[in-house]
Amino acid sequence: MMINDQLEFMKVAIDIAKYGLVNGIGGPFGAVVVKDGVVIGKGCNSVLSLNDPTAHAEVMAIRDACSNIGNFQLDDCEIYTTCEPCPMCLGAIYWARPKNVYFASTRHDAAKAGFDDSFIYDELNKSFDDRTIPLINLDTDGASNLFEIWKNSPIKKSY
């Protein structure tokens, strides 16, 4: 893919972000998923309109693309996003397994506008007990047994 195509796809993501922003859908973020030079998924930040803290642009675009192609992975796809992905979106991106991610603004640019995710990056390096929201392990046999059921399931599909 040539750089001009990449810039055109980024412009599409920017247009989606503007649409969501001016229509009160959510914050100033947009993303598209591209496969073989075709946009197969798009999304704008929809946190405000859906009352869903996970409705970030990248997650919405991944959901749209996966639904459109009938697969939970985005092999040989590229994601274009108007901002460096936050930790949640980065996790979703890694699970979706695209081949590339292109971003425009950085997380530092986002922080200057009030979207500062640095505290999440900091939290990830802390022990469970030292986090702002403690993670408390309730080790039970029932939960562990779910993995055994999965390992022996005839419908199991690796991902």
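The values are calculated or read from the model by the stated rules, or taken from the named source; none is laboratory data. The model shown is predicted, which means the values in this text are computed figures rather than measured ones. Cβ coordinates were reconstructed from backbone atoms using ideal geometry, including for glycine residues, and neighbour counts include every protein chain displayed. Heavy atoms of the whole protein, side chains included, go into the accessibility calculation; ligands, DNA and RNA do not. Shrake-Rupley method; radii C 1.70, N 1.55, O 1.52, S 1.80 Å.
Does G26 meet the test of being outside any helix (DSSP H, G or I) and among the small types (G, A, S)? Spell out how you get there, then give the answer.
On the way: outside any helix (DSSP H, G or I): yes; among the small types (G, A, S): yes.
Answer is yes for this residue.
Please enumerate the residues belonging to the stretch 121-141 that are open to solvent by 100 Å² or more (accessible area, probe 1.4 Å) and within 25 Å of P87 (Cβ to Cβ). Quick ask: steps written out before the conclusion?
The initial filter retains those residues of the stretch 121-141 that are open to solvent by 100 Å² or more (accessible area, probe 1.4 Å), namely 124-125, 128-130, 132-133, 136-139, 141.
L124, N125, F128, D129, D130, T132, I133, I136, N137, L138 - these are the residues of the stretch 121-141 that are open to solvent by 100 Å² or more (accessible area, probe 1.4 Å) and within 25 Å of P87 (Cβ to Cβ).
Among the residues of the stretch 60-76, count how many are hydrophobic (A, V, I, L, M, F, W, C) and surrounded by fewer than 24 Cβ atoms within 10 Å (Cβ to Cβ). Walk me through it before giving the result.
Step one: of the stretch 60-76, the residues hydrophobic (A, V, I, L, M, F, W, C) are 60-62, 65-66, 69, 72, 74.
With the extra rule that they be surrounded by fewer than 24 Cβ atoms within 10 Å (Cβ to Cβ), the set shrinks to 66, 69, 72.
Residues flagged as hydrophobic (A, V, I, L, M, F, W, C) and surrounded by fewer than 24 Cβ atoms within 10 Å (Cβ to Cβ) within the stretch 60-76 amount to 3.
The rows are residues; the columns are (1) among the basic types (K, R); (2) exposed (fewer than 12 other Cβ atoms within 10 Å of the Cβ); (3) under 14 Å from A31 (Cβ atoms); (4) at pLDDT below 95.
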{"site": "S49", "(1), (2), (3), (4)": "no, no, no, no"}
{"site": "E78", "(1), (2), (3), (4)": "no, no, yes, no"}
{"site": "C83", "(1), (2), (3), (4)": "no, no, yes, no"}
{"site": "A110", "(1), (2), (3), (4)": "no, no, yes, no"}
{"site": "A143", "(1), (2), (3), (4)": "no, yes, no, yes"}
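What are the pairs, 6+ residues apart or on separate chains, where a residue within the stretch 46-71 that is touching a residue at least 12 places away in the same chain (Cβ under 8 Å) and part of a helix (DSSP H, G or I) has its Cβ under 7 Å from a residue that is open to solvent by 50 Å² or more (accessible area, probe 1.4 Å) and charged (D, E, K, R)?
So the pair list comes out as A61/K42; D64/K42.
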